[in-house]
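The values are calculated or read from the model by the stated rules, or taken from the named source; none is laboratory data. Just so it is clear, the structure is predicted and the values come from calculations on it, not from any experiment. All Cβ positions, even for glycine, are placed from backbone atoms using ideal geometry, and neighbour counts span all protein chains on display. What goes into the accessible areas is simple: the full protein's heavy atoms, side chains included, and nothing from ligands, DNA or RNA. Shrake-Rupley method; radii C 1.70, N 1.55, O 1.52, S 1.80 Å.
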Amino acid sequence: MGMTMTQKILAAHAGLPQVQAGQLIEADLDLVLGNDITSPVAIKEMEKMNTKGVFNKDKIALVPDHFVPNKDIKSAEHCKCVREFAIRNEITNYFEVGQMGIEHALLPEQGLTVAGDVIIGADSHTCTYGALGAFSTGVGSTDMAAGMATGKAWFKVPSAIKFVLTGKPAKWVSGKDIILHIIGMIGVDGALYKSMEFVGDGIEHLTMDDRFTIANMAIEAGGKNGIFPVDDLAIAYMKEHSKRSFTVYEADADAQYDETYTIDLATLKPTVAFPHLPENTRTIDEVGDVKIDQVVIGSCTNGRMEDMRIAAEILKGRKVAKGIRCIVIPATQKIYLECLEKGYLKTFVEAGAVVSTPTCGPCLGGYMGVMAAGERCVSTTNRNFVGRMGHTESEVYLASPAVAAASAVTGKISCPCELAD
């Protein structure tokens, strides 16, 4: 029986010639990731193990990003815990304020994730790195502790769903619209503990940023991971950002899939997820008149350079509507600097937006944009559960940077195509 792309990666890291769905394996890890919320828990668990230290100081990444720069005493204590652990164990990839960024944008940018890797992270959106052809998945802090100590993790080998992407997306249709369409189609548990494997000629029309966005939100469909084939664009990205060698795995022709979906990207429209689930999707022409109070453009889902470029293109020469708060958050310091050099920050500020240092901030209702009762936000983040961005009576509408930026200008959920030149 053939293996999927994910199964081949897991078999190789378990030292096995073959694995099948449902099998329990122990696999070697190429990277273990933690942030300022999850790492302190893992560090305390690791201390209980009485280990002498970490398995490999070069294969652990600690990225304070959720409440950084620290918003209060508790967040400062969390970061102090992580900082002291990193110093004590001489962790190579610890990113302090000034070097940090939102973890899932930062790690590929720093060249720490490449094709063929097995990566765990104590953050559910660790599945982002599947865009490069890696198996990456979120775990709990206890599993992170075990991973840091031993360099290994237990997995139940996932079965898979194949998504055949064909055609070329229309203008203003991005990776965010594609993954929202898929989640709306299969539901938030439609891929529960399954590998979401993306194939098809439509992939050649997707930028790396599109792919990162799609893989990032695999977890919002319940997926164990999302993964893309390694093509010339992915190879070029890895060669530009990383000095590490990589391994390309391809699914066997007779690999088994639980379901196969074919999606013509040319037929998709800008898509918005209404409260309070990512599956509650409507195309832009079905939205109606939804007035908003706030717009957030950023996060590990849509804070990359392509997202900043699109937002700047729409906001240039325009103004954020009166009474609307627009918050733009470049995902890393490198992206922030490039926005500065290209004049995007000037565009954002002149339009009436505010620009933040890299942080997860408002995505999880942390800070930099927490909402009050009755307020509505259009956000390029990945979750819109009850109370996700603040008060339980607030509402979050998930959308692409293009829709978010256009909505900031009009004061209601809007398509960029509605804006006058």
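Remarks
- Residues within region 209-247 that are without any contact (Cβ under 8 Å) to a residue 60 or more places away in the chain, open to solvent by less than 50 Å² (accessible area, probe 1.4 Å) and of a type in the set (Asp, Glu), tallied: 1
- Residue within region 140-148 that is over 20 Å from the mean Cα position of the chain (by Cα), of a type outside the set (Phe, Trp, Tyr), in a loop (DSSP other than H, G, I, E, B) and under 15 Å from TYR193 (Cβ atoms) present: no
- Any chance ALA311 is over 16 Å from the mean Cα position of the chain (by Cα), at pLDDT 95 or above and either of a type in the set (Val, Ile, Thr) or not in a loop (DSSP other than H, G, I, E, B) (or both): yes
- Answer residue from region 173-194, given it is in contact with a strand residue (DSSP E or B) (Cβ under 7 Å, 6 or more places away or on another chain) and either on the phi > 0 side of the Ramachandran plot or not in a helix (DSSP H, G or I) (or both) and is surrounded by the fewest Cβ atoms within 10 Å (Cβ to Cβ) among those: LYS194
- Positions within region 29-43 being open to solvent by 20 Å² or more (accessible area, probe 1.4 Å) and either without any contact (Cβ under 8 Å) to a residue 24 or more places away in the chain or among the hydrophobic types (A, V, I, L, M, F, W, C) (or both), in sequence order: ILE37, VAL41
- Residues that are buried (at least 23 other Cβ atoms within 10 Å of the Cβ) and more than 12 Å from THR380 (Cα to Cα), drawn from region 395-407: ALA406
- Residues within region 248-280 that are of a type in the set (S, T, N, Q) and farther than 21 Å from GLY202 by Cβ, tallied: 2
- Tally of residues being over 20 Å from ILE9 (Cα atoms), among the hydrophobic types (A, V, I, L, M, F, W, C) and under 19 Å from the mean Cα position of the chain (by Cα) across region 84-121: 5
- Highlighted here are the helices (runs of 4 or more DSSP H) found entirely within region 1-115 that include at least 3 residues which are touching a Pro at 6+ places or on another chain (Cβ under 8 Å) and over 26 Å from PRO158 (Cβ atoms): 73-88.
- Residue in region 335-354 that is touching a residue at least 40 places away in the same chain (Cβ under 8 Å) and surrounded by fewer than 18 Cβ atoms within 10 Å (Cβ to Cβ) present: no
- Flag for GLY130 being farther than 21 Å from ILE43 by Cβ and assigned to a loop (DSSP other than H, G, I, E, B): no
- Filter result for the condition that a residue is under 21 Å from LYS171 (Cβ atoms), touching a Leu at 6+ places or on another chain (Cβ under 6 Å) and buried (at least 18 other Cβ atoms within 10 Å of the Cβ), over THR332, THR301, THR281: THR281
- Test result for GLU197, in contact (Cβ under 8 Å) with a residue 24 or more places away in the chain, part of a helix (DSSP H, G or I) and buried (at least 23 other Cβ atoms within 10 Å of the Cβ): no
- Only residues that are within 30 Å of ASP264 (Cβ to Cβ) and open to solvent by less than 20 Å² (accessible area, probe 1.4 Å) were counted in region 144-172, giving 5.
- Failed item, numbered, when ILE60 is tested on (1) farther than 17 Å from GLY151 by Cβ; (2) among the hydrophobic types (A, V, I, L, M, F, W, C); (3) in contact with a Phe, Trp or Tyr (Cβ under 9 Å, 6 or more places away or on another chain): (1)
- Residue tally, condition within 19 Å of ASP123 (Cα to Cα), open to solvent by 30 Å² or more (accessible area, probe 1.4 Å) and touching a strand residue (DSSP E or B) at 6+ places or on another chain (Cβ under 9 Å), over region 70-111: 3
- Scanning region 204-237 for residues that are over 28 Å from PHE274 (Cβ atoms) and in a helix (DSSP H, G or I) yields GLU204, MET208, ASP232, LEU233, ALA234, ILE235, ALA236, TYR237.
- Residues (surrounded by fewer than 21 Cβ atoms within 10 Å (Cβ to Cβ), on the phi < 0 side of the Ramachandran plot and not acidic (Asp, Glu)) located in region 15-28: LEU16, PRO17, GLN18, GLN20, ALA21, GLN23, LEU24, ILE25
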